Amino acid sequence: MAAIPGGADHAHDHDHHQPTGIMRWVTTTNHKDIGSMYLWFSFAMFLVGGVMALVIRAELFEPGLQVVDPDRFNQMTTLHGLIMVFGAIMPAFVGFANWMIPLMIGASDMAFARMNNWSFWLLPPAAILLTSSLLVPGGAAASGWTLYPPLTVQMGIGMDMAIFAVHILGISSIMGSINIVTTLLNMRAPGMTLMKMPLFCWTWLITAYLVIAVMPVLAGAVTMILTDRHFGTSFFNAAGGGDPVLYQHIFWFFGHPEVYIIAIPAFGVVSQVIPAFSRKPLFGYASMVYATSSIAILSFIVWAHHMYTVGMPVAGQLYFMFATMLIAIPTGVKVFNWVATMWRGSLSFETPMLFSIGFLFLFTLGGFSGLVLSMTAVDIQLHDSYYVVAHFHYVMVAGALFSAYAGAYYWLPKWTGHMYDEKLGKLHFWLSIVFFNMTFFVQHFLGLAGMPRRIPDYSLQFAEFNMISSIGAFGFGLSQLVFLVVVLKCIKGGEKASAKPWDGAEGLEWTVPSPAPHHTFETPPVFK
Amino acid sequence: MTSPEQGGTVSDRRNRSTLVRLIVSAFLMFGFGYALVPFYEKLCQVLDVNNLNKQDNSLPLNTQVDRSRSVTVEFDANLHKLPWNFKPVTGSMVVHPGEVVTIEYEVSNTRQSAVTGQAIPSYTPSAAMQYFQKMECFCFKQQTLAAGEVRRMPVAFLVSSSLPKDINTITLSYTFFEVPGATAEAAGRDGSAGTGG
């Protein structure tokens with residue numbers, strides 16, 4: 001199996017010939033090791049992207065220019081977006097997938113263990129490319145994370161570094177997704193049909209298909225920018241017969257499914273946690289599967305609602321408006337199912353459940369502001385305003401991030417073998433939810449009053465809400481360090497966790513001891 | 001129960017075929033991104049949107065013209081110690097407030113050398129001045145005429161629709177003054193243009 005010197009000829013007891021130290025992590029093909037590395041990497045990138053967000057909020061604390069010059073400010077908004085989307089949220093859920101999918105379906109490992117190692121180790125070079133582009137002449141890409149031409153065709157070498165980073169991140173996530181699809185389709189324990197898979201596995205199966213379908217389209221779009229910049233093509237250069245609006249169509253053909261690539265695994269985690277702490281099976285399992293699939297399919301035909309202001313024919317605007325509103329139906333099915341799962345359940349409010357309920361409230365709120373934005377007539381007023389910023393932070397932070405925290409607290413005992421500090425966990429939740437709303441709720445008002453996004457300065461009438469938002473942002477940023485403390489404490493020690501520390505939890509992952517041994521399910525369990 | 005070795009080979013084969021199908025899908029989607037380029041162009045062409053080559057023959061419509069009123073504009077030309085001939089091509093005309101009108105003046109240099117002049121406009125009644133808007137005028141810059149040169153120069157203007165009701169006639173009068181020394185300077189500029197002066 002493993003082509004490690006000294007280990008190749010003793011395939012049976014390769015446990016004892018593992019390299020130690022750093023090389024253990026560089027050469028590992030174990031899904032649990034790789035899952036842990038994904039999770040640590042995404043948390044590190046979350047802190048990097050978070051510091052960038054704090055630079056933005058520090059600049060916006062008061063009107064006028066105080067902290068960074070406008071060019072750096074634009075670089076901060078761009079890198080914050082790219083790092084949080086591709087470096088923090090996506091790898092976090094790939095980390096969950098790596099750790100939990102084989103345990104949930106009773107497989108010994110991911111289908112392609114060597115490729116799994118590659119998928120992870122492509123991430124650090126991409127992260128280095130992105131962050132070090134701040135140091136090159138001209139600075140990092142400053143076009144916003146959507147990388148719209150003509151700006152992206154004009155910028156310096158930092159832009160090329162961002163393009164290569166997006167290429168590498170794309171290849172990594174495609175390889176990760178191929179691995180997940182193959183594992184889920186071919187390696188389930190005997191007796192586990194597709195409709196008996198835990199919902200987290202279903203959401204990842206759908207997400208992985210989305211990644212395989214749209215990440216190559218993004219790779220194509222940034223490749224077109226690259227050839228426009230250096231090889232004389234004119235895909236987006238109007239002077240050469242190209243069209244910058246074409247880029248927006250291609251980008252959002254990727255970009256809208258990307259929103260669900262981030263959201264759907266979050267739905268999966270919450271669908272595991274809420275039944276466990278309601279001590280009831282998930283309400284409407286089959287409808288959850290169909291609703292998730294419908295969301296994924298609809299995500300391909302609504303992209304132009306991100307670009308109502310480019311000058312679309314009215315018929316186009318109407319089509320994209322109604323198609324977008326259609327997505328509220330399967331999403332509503334999911335929300336009602338989660339609520340129905342809790343209905344008359346025997347609820348208890350440990351940290352994972354708190355984060356899931358926080359997710360449920362705030363994600364729904366973000367969904368409603370999304371519904372407001374789907375209306376063309378309204379969107380033309382709110383386009384590129386802080387209302388949009390508030391909307392997508394409600395679905396990305398309170399949606400995806402809170403769900404990731406719910407999952408982390410839920411499975412930490414399985415990963416470490418210790419119970420985490422419940423008091424600190426609850427503190428983390430309450431600090432997060434208060435400061436999150438302080439940061440982002442007021443941004444709705446700023447947007448409605450007309451404050452544009454991605455501008456380092458603003459008119460005086462926006463001063464109070466911006467100050468509140470900035471204080472909230474620093475509070476939110478610092479509260480995330482509580483999570484780091486909880487995880488480190490939990491790794492070092494704490495109350496011993498049993499194989500199944502949550503009495504309401506269901507699934508094969510709770511049949512293996514805690515911490516999960518390095519090798520599990522070498523002979524597949526029989527699933528009833 | 002199958003032994004791991006046997007299970008491994010069967011599942012390995014299935015995994016490999018899934019892998020191949022998924023990799024092919026990824027490459028096809030990469031191609032699809034590029035296929036969107038001609039697809040977009042074709043779609044724009046069929047729907048006749050976003051056509052940059054389409055000629056727009058409709059003149060911009062001026063909706064600000066007040067056709068219920070007419071104002072007579074008279075054109076006058078004077079020379080101040082300048083050996084030129086200077087006269088309007090049209091002596092006077094009737095315009096509607098808000099309407100953009102272009103007229104011409106003709107000037108000729110009777111001297112045997114180049115002369116530079118500057119025209120200064122004045123209005124009668126002087127209250128009309130703020131309502132008389134010139135978009136283009138030879139008076140915006142100095143005019144240098146070579147020996148014996150004849151030139152026609154346009155004036156594009158409109159009379160604002162907020163012109164007071166009691167003004168029915170406006171006289172626009174230009175006086176050309178010689179700009180002393182400017183001709184030599186202009187000639188010097190022209191002569192040394194090649195050396196980047």
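The values are calculated or read from the model by the stated rules, or taken from the named source; none is laboratory data. In this text the structure is predicted, and so the values were computed from the model without any measurement. A quick note on method: Cβ atoms are made from the backbone with ideal geometry, for glycine too, and the neighbour counts reach across all protein chains shown. Please note that ligands, DNA and RNA were not included when accessible areas were found on the heavy atoms of the full protein model with its side chains. Shrake-Rupley method; radii C 1.70, N 1.55, O 1.52, S 1.80 Å.
Tell me whether the range B:22-33 contains one or more residues that are more than 9 Å from chain A (Cβ to nearest Cβ) and at pLDDT below 90.
No: the range B:22-33 contains no residue that is more than 9 Å from chain A (Cβ to nearest Cβ) and at pLDDT below 90.
Which ones in the range A:208-228 are open to solvent by 10 Å² or more (accessible area, probe 1.4 Å) and under 12 Å from A:Glu258 (Cβ atoms)?
A:Ala213, the sole residue that qualifies.
Check off (1) without any contact (Cβ under 8 Å) to a residue 12 or more places away in the chain; (2) open to solvent by 20 Å² or more (accessible area, probe 1.4 Å) for A:Gly191 and give me the number that stays unchecked.
It fails just one condition, (1).
Within the range A:380-404, restricting attention to residues that are touching a Gly at 6+ places or on another chain (Cβ under 7 Å) and open to solvent by less than 10 Å² (accessible area, probe 1.4 Å), which residue is farthest from A:Gly49 (Cα to Cα)?
Here the answer is A:Leu382.
Would you say B:Ala119 is assigned to a loop (DSSP other than H, G, I, E, B), among the aliphatic types (A, V, I, L, M) and under 27 Å from B:Gly181 (Cα atoms)?
Taking the combined requirement at face value, the residue does not satisfy it.
Would you say B:Thr110 is touching a strand residue (DSSP E or B) at 6+ places or on another chain (Cβ under 9 Å), at pLDDT below 90 and farther than 21 Å from B:Gly181 by Cα?
So B:Thr110 does not fit the description; no.
Checking the conditions here, which among A:Val259, A:Val289, A:Val245, A:Val270 is within 13 Å of chain B (Cβ to nearest Cβ), of a type in the set (A, V, I, L, M, F, W, C) and touching a residue at least 60 places away in the same chain (Cβ under 8 Å)?
A:Val245
Just name the residue that is modelled with the highest pLDDT out of those in the range A:229-254 that are open to solvent by 30 Å² or more (accessible area, probe 1.4 Å) and aliphatic (A, V, I, L, M).
A:Val245
Can you tell me which condition A:Asn186 does not meet? The list is (1) over 19 Å from A:Gly87 (Cβ atoms); (2) modelled with pLDDT of 95 or more; (3) of a type in the set (S, T, N, Q), and all the others hold.
Result: A:Asn186 passes all but (2).
Conditions: (1) among the polar types (S, T, N, Q); (2) open to solvent by 10 Å² or more (accessible area, probe 1.4 Å); (3) under 30 Å from B:Arg14 (Cα atoms). A:Ser172 meets all but one. Number of the miss?
Answer for A:Ser172: the failing condition is (2).
Can you name every residue in the range A:301-348 that is part of a helix (DSSP H, G or I), in contact (Cβ under 8 Å) with a residue 60 or more places away in the chain and under 26 Å from A:Tyr247 (Cβ atoms)?
A:His305, A:Tyr308, A:Thr309, A:Val310
Pairs, please: C-beta under 6 Å, at least 6 apart or cross-chain, first residue without any contact (Cβ under 8 Å) to a residue 24 or more places away in the chain and in the range A:456-481, second of a type in the set (A, V, I, L, M, F, W, C) and in a helix (DSSP H, G or I)?
As it stands, the answer is A:Phe465/A:Val442; A:Phe465/A:Phe445; A:Phe465/A:Leu446, since those pairs meet every condition given.
For the range A:149-162, state whether one or more residues are within 14 Å of chain B (Cβ to nearest Cβ) and not polar (S, T, N, Q).
Checked the range A:149-162: at least one residue is within 14 Å of chain B (Cβ to nearest Cβ) and not polar (S, T, N, Q).
Here's the yes/no breakdown for (1) away from every other protein chain (no Cβ under 14 Å); (2) open to solvent by less than 30 Å² (accessible area, probe 1.4 Å); (3) part of a helix (DSSP H, G or I); (4) polar (S, T, N, Q):
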residue: A:Phe476; (1), (2), (3), (4): yes, yes, yes, no
residue: A:Gln480; (1), (2), (3), (4): yes, yes, yes, yes
residue: A:Phe483; (1), (2), (3), (4): yes, yes, yes, no
residue: A:Leu488; (1), (2), (3), (4): yes, no, yes, no
residue: A:Ile491; (1), (2), (3), (4): yes, no, yes, no
residue: A:Gly494; (1), (2), (3), (4): yes, no, no, no
residue: A:Ala499; (1), (2), (3), (4): yes, no, no, no
residue: A:Glu506; (1), (2), (3), (4): yes, no, no, no
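Residue under question is A:Phe231, and the condition is that it be more than 21 Å from B:Asn50 (Cβ to Cβ) and without any contact (Cβ under 8 Å) to a residue 40 or more places away in the chain; does it hold?
yes
Quick test for you: out of A:Leu373, A:Leu282, pick the one residue that is crowded, with 17+ Cβ neighbours inside 10 Å, touching an Asp or Glu at 6+ places or on another chain (Cβ under 7 Å) and either not aromatic (Phe, Trp, Tyr) or not in a helix (DSSP H, G or I) (or both).
Sole residue among the options that is crowded, with 17+ Cβ neighbours inside 10 Å, touching an Asp or Glu at 6+ places or on another chain (Cβ under 7 Å) and either not aromatic (Phe, Trp, Tyr) or not in a helix (DSSP H, G or I) (or both): A:Leu373.
Pick from the range A:89-109 the residues that are of a type outside the set (S, T, N, Q) and open to solvent by 10 Å² or more (accessible area, probe 1.4 Å): which of them is farthest from A:Ile34 (Cα to Cα)?
Filtering the range A:89-109 for residues that are of a type outside the set (S, T, N, Q) and open to solvent by 10 Å² or more (accessible area, probe 1.4 Å), the one farthest from A:Ile34 (Cα to Cα) comes out as A:Ile89.
For the list (1) open to solvent by 20 Å² or more (accessible area, probe 1.4 Å); (2) closer than 30 Å to A:Asn30 by Cβ; (3) not in a helix (DSSP H, G or I), I need the number of the one condition that A:Leu185 fails.
Failed condition: (3).
Taking the condition among the hydrophobic types (A, V, I, L, M, F, W, C), assigned to a helix (DSSP H, G or I), under 21 Å from the mean Cα position of the chain (by Cα) and away from chain B (no Cβ under 12 Å), does A:Val217 pass?
no
Could you please find all residues in the range B:125-149 being over 30 Å from B:Ser113 (Cβ atoms) and assigned to a loop (DSSP other than H, G, I, E, B)?
The one that is over 30 Å from B:Ser113 (Cβ atoms) and assigned to a loop (DSSP other than H, G, I, E, B): B:Pro125.
What number of residues within the range B:91-119 are surrounded by 13 or more Cβ atoms within 10 Å (Cβ to Cβ), under 25 Å from the mean Cα position of the chain (by Cα) and of a type in the set (Val, Ile, Thr)?
Qualifying residue count for the region: 4.
Working only within the range A:90-132, note down all residues that are part of a loop (DSSP other than H, G, I, E, B) and without any contact (Cβ under 8 Å) to a residue 40 or more places away in the chain.
none
Between a residue in the range A:511-525 that is more than 15 Å from A:Lys500 (Cβ to Cβ) and within 14 Å of another protein chain (Cβ to nearest Cβ) and any residue that is open to solvent by 30 Å² or more (accessible area, probe 1.4 Å) and part of a loop (DSSP other than H, G, I, E, B), which pairs come within a Cβ distance under 7 Å, given they are 6 or more apart or on different chains?
Note: pairs meeting the criteria are A:His519/A:Ser108; A:Phe521/A:Ser108; A:Glu522/A:Ser108; A:Thr523/B:Met1; A:Pro524/A:Pro190.
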